Amino acid sequence: METSELRSEYLRFFKTKDHHIEPSASLVPAADDKSLLLINAGMAPLKQYFQGLIKPPSTRIASVQRCLRTNDIDEVGRTPRHLTMFEMLGNFSFGDYFKQEIITWSWEFLREWLEIPEEKLRVSVYEDDDEAFGIWEKEIGIRPDWIYRLGEEDNFWYMADTGPCGPDSEIFYDIGEELGPDETPATGGDRWVEIWNLVFTQFDRQSGGTKVPLPSKNVDTGMGLERTAMALQGQSSVFETDCFKEIFEIYRNDTPKEILDNGNYVKAGVNSLYVVADHMRAVTMLIADGVYPGNEGRGYVLRRLLRRALVHMRRLGQREGGLLKAFPVVLDKLGETYPLLIERREHIEKLVNVEEENFLKTLDAGIARLEGAIANQAGSLMLSGDVAFEMFDTYGVPLDVTIEMAQARGMEVNVMAFDLALKAAKQRSREVTGELLEKDQKARYAVKTTDKTEFIGYDKMRDTVALVEYNPEHDFLVLDRTPFYAEMGGQVGDHGVIRFKDGEFTVVDTQVVGETIVHKLAKDRTSGDPSSLNPGDPLEAIVDQSRRYGIRRAHTATHLLHAALRQILGDHVQQAGSVVEPDRFRFDFSHFQPLMKEETRSIEDWANERVFAEHDVHCAVVPYQKAVDAGAMALFGEKYGDEVRMVWVGGRETEPVPGQVETTELCGGTHVENTGVIGLIKIIHEESVASGVRRIEALTGRRAYELVQDENELLGDISEAMNMPVAHLRQGIKKLTESLKSLEREKKDLEAKLISGQTGMSVEEHTIGSISVKIIPKQTLNPDAVGKILDQLVTDGGVQVVFAVTDYNGKGALLIRCTDEAVESGCHAGKLVNEVASAMGGKGGGKASFARGGVDASKINEGKQAFLKALEGSG
């Protein structure tokens, strides 16, 4: 059975059991889920259903979910079964069925639908779960010695440090006794492969480790698609199944015969062919789901996967990269199931190629740095763990590559020190994630209300509402309906006040938990006594109108900017994130090079022309497909329901007509009614934030006006200082620049003449062993000029070392130059400068042939003595 058939049969089976089929979610978790970096299990996108925060579309759900587990990155390649990106077949019960039903159904699917012989299967249960053991033995009829009771480490499931958890029962498949005749699921080994995990989710683990019972008993199962396919296809490796075999063969066929024949594609227990095949699939799926390479978070995961794959391609003799050579096979195998791969093919190819080209240069630099570090520690038998970690963290060179290079030069690597550095880096990452998680969890568990809050803020910014929940300990309010916009889609939450009979609360933020809008209150800005408030009491909710107006201007401006970017740069531009604040916004978008000044001006002009045209802005709630048919752009990574809110600029009020509107997007944010209200859009900054992602920051309305005023004042000050009208400044600055360049040329000519004259100066000379030492008198030239004097003093070659100190503009500098012959004899300018500078109250370093440092020039005599002593001590 091929993987495509296994997918469809699984969903068809559970459809016969009245399950709602849930489409696969993105690998990127929902914006309000801070507990996960990436989706790592089939139930992860459904977590809010388990927590009771959102009502599920059905109490029975089945899905095929793409997943990625970062904790398995280093394991891939060590076994024929570990993967980073995989597909999870899952079925879920939310307070509906429990152990009896799912155990019975799992056996029915495996035995009757997949026709797996009973003797090829074994099961395990949590050691204290007598109920599950009894169902397997008495209801299903499995021999008791084929049921294994295992401990918490094996049979108690946690999704993460916090969240849903519970005991589980695992089903194992026998690959064959030739892999270990005495092995059992309890003893481990390669013979028995876990293919299905039935989790009986009963608890919600808090940040402190406490297990709180969930509102109802649930079921969460996970069957690994690739591992199950491996069993059904009679293979002992997932890389021999139909989902990997063609990918694997492409990289194998491009590997030189000598590498395959002598087994060099496996080093330190890692099979490079496995690594490349797995990581390529993971990289392309991550990018399809909107992840960009970066130095933190999920961007770092993507970058690490891509770089690790390229390092292993080098081991396969494919030094020029070409990771995407197997991408067409991925599209063939996964494109129908995950159409995003096909839709974003061009984007994926561009991003991988740019990142690949940049990393191969970085890798060359890293290997050069590593070779230099090994040379600097020549004579030592141990390479520093800090150097090894720098190679791994900065240049992407895996530890095993560093070990291999060091061993080739007779050195070992301090692996213990490397592990400590890596552990410290991971701890720093966990601390940051932990802080975010703790903040997120406190808000979630403090809110008791799970009902959906009605948002009335599109039409009103002030209304009488009813209290639902007031929590003085965590300073928040929940209302039955509210004009306050909760932070979503990049738009910040509203501020304002909520009045009650005897006083008022100050609202400093508005957030959403599940479907409940939560109003965060200022601790020390509540007037009156709210202690007598009860659910149902009337309150008056008043949004800060001036602030909301600024947010609306900025939000509509992001739509215009997005359209302008696509118009000027091309349709490859996609929004990659945004932050919308009062009269200020940040907009991230896909593009592969910095904007030229002319492009920035054209983008700004295009957007402002639509502001000055005073187009009406329209909004309507319509079926999702109708919005797509109307040309509405959906934000990448967002999950949309059957009905969506569509916002368009220009054209008819009733519906957007392609060709008659400036921009149409799916958006739940607040907007101006006419573009003229924006006033002005002013781009203030553009930069790169990740590989293939640019960021624009811009101002609108009041802030744009204030910027123009400030810049006008600055121009006035410059005009006054240069004694010329503002209109003549451009030409005046051009003339001034040309004059300064002319003076700089004159200065260099004078310096050259001065240097020429200085070479005949009186030089203090010494001989130490075979080294000819020269010390020139104290200088007042700039250090670059003194460096040229040193170069001229050693033109005759030989084993020479020259010492100089200069006091230029009140700053002292020490310079030491070693000839190539001196370096070969063991002299090192960088080490000498480091030692001598410390004697002169400074510090410095550099290369073996030339180095400089900052020092106290008045201590030249101390420096001379330290210099000569260092040379004598070095022999």
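The values are calculated or read from the model by the stated rules, or taken from the named source; none is laboratory data. Given the structure is predicted, the values throughout are model-derived calculations rather than measurements. Reconstructed Cβ throughout: ideal geometry from the backbone, glycine too, with neighbour counts over all protein chains shown. Just the protein is used for accessible areas: all its heavy atoms, side chains included, with ligands, DNA and RNA removed. Shrake-Rupley method; radii C 1.70, N 1.55, O 1.52, S 1.80 Å.
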task: Quickly estimate the mean residue ellipticity at 222 nm for the chain, helices only: each DSSP H run with n ≥ 4 gives -39500 (n - 2.57), and the total goes over all residues, rounded to 500.
output: -12000 deg cm²/dmol
message: If every alpha-carbon in region 460-572 counts as one equal scatterer, what log10 I(q)/I(0) does Debye give at q = 0.13, 0.23 1/Å?
response: -0.53, -1.28
- prompt: Which cross-chain or sequence-distant (5 or more) residues have an amide H under 5 Å from the amide H of ARG78, H modelled 1.01 Å from N in plane?
  reply: ASN271
field: Size of charge dipole - the chain - debye, nearest 20, with Cβ of Lys, Arg +1 and Asp, Glu -1, no other charges
entry: 2640
field: Where trypsin sites (Lys or Arg not before Pro) fall in DSSP loop in region 289-361, at most 16 other Cβ within 10 Å
entry: ARG319
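Shape call for region 247-368 from the C-alpha gyration tensor, a ≥ b ≥ c root eigenvalues: rounded (a/c under 1.5), prolate (a/b greater than b/c) or oblate?
Note, shape of region 247-368 comes out oblate.
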- prompt: Where a Cα-Cα gap under 19 Å defines reach, which aspartates and glutamates qualify for LYS501, not counting those fewer than 8 residues away within the same chain?
  reply: ASP463, GLU469, ASP475, ASP480, ASP524, ASP529, ASP537, GLU540
- prompt: Between the DSSP loop rule and a limit of at most 15 other Cβ atoms within 10 Å, which GluC sites (Glu not before Pro) in region 11-116 are left?
  reply: GLU75, GLU115
statement: Computed over the Cα atoms of region 243-297, the Rg and Dmax in Å are 14.0, 40
- prompt: Rounded to whole Å and sorted largest first, what semi-axes of the equivalent ellipsoid does the C-alpha gyration tensor of region 1-152 yield via the square root of 5 times each eigenvalue?
  reply: 26, 21, 18
- request: Among PHE592, ALA630, LEU560, flag the residue with its Cα farthest along the positive direction of the charge dipole of region 533-636, charges on Cβ as +1 for Lys/Arg and -1 for Asp/Glu.
  value: PHE592
query: Helix 597-612 versus the longest principal axis of the chain: what angle, 0 to 90°, nearest 10, using Cα atoms?
result: 40
- line: Hull volume per residue for region 71-168, using the convex hull of the C-alpha atoms, in Å³ is 153
- request: Using the structure shown, select from LYS361/LYS778; LYS15/LYS350; LYS748/LYS847 the pairs with a Cα to Cα distance greater than 32 angstrom.
  value: LYS361/LYS778; LYS15/LYS350
message: How large is the accessible surface of TYR808 in square angstrom, using a 1.4 angstrom probe and rounding to the nearest 10?
response: 70
field: Gyration tensor (alpha-carbon) shape descriptor, region 589-693, a/c threshold 1.5
entry: oblate
task: Return a whole-number percent for the relative contact order of the chain, with Cα pairs under 8 Å and 6 or more residues apart as the contact set.
output: 6
- request: Pick out, in residue order, every one of the chymotrypsin sites (Phe, Trp or Tyr not before Pro) in region 589-692 that is DSSP loop and has at most 16 other C-beta atoms within 10 Å; say none if there are none.
  value: PHE592, TYR640
- request: With a/c under 1.5 counting as rounded, go ahead and sort region 823-875 into rounded, prolate or oblate using the C-alpha gyration tensor (a ≥ b ≥ c being the square roots of the eigenvalues; past the cut-off, prolate if a/b is larger than b/c, else oblate).
  value: oblate
- request: Give the whole-number value, in cubic angstrom per residue, of the convex hull volume spanned by the C-alpha atoms of the chain.
  value: 232
- line: Rounded to the nearest 10, the angle in degrees between the Cα long axis of helix 783-793 and the longest principal axis of the Cα atoms of the chain comes to 60
statement: Hull volume per residue for region 179-304, using the convex hull of the C-alpha atoms, in Å³ is 218
- request: Could you list the residues of region 323-354 with an amide nitrogen less than 20 Å from a label point located 7 Å from the Cα of GLU9 in the Cα-to-C-beta direction?
  value: 333-334, 337
message: Helix 829-839 against the longest principal axis of the chain: what's the angle in degrees, Cα atoms only, rounded to the nearest 10?
response: 80
- prompt: What relative contact order, as a whole-number percentage, does region 230-389 give when Cα pairs under 8 Å and 6 or more residues apart are counted?
  reply: 20
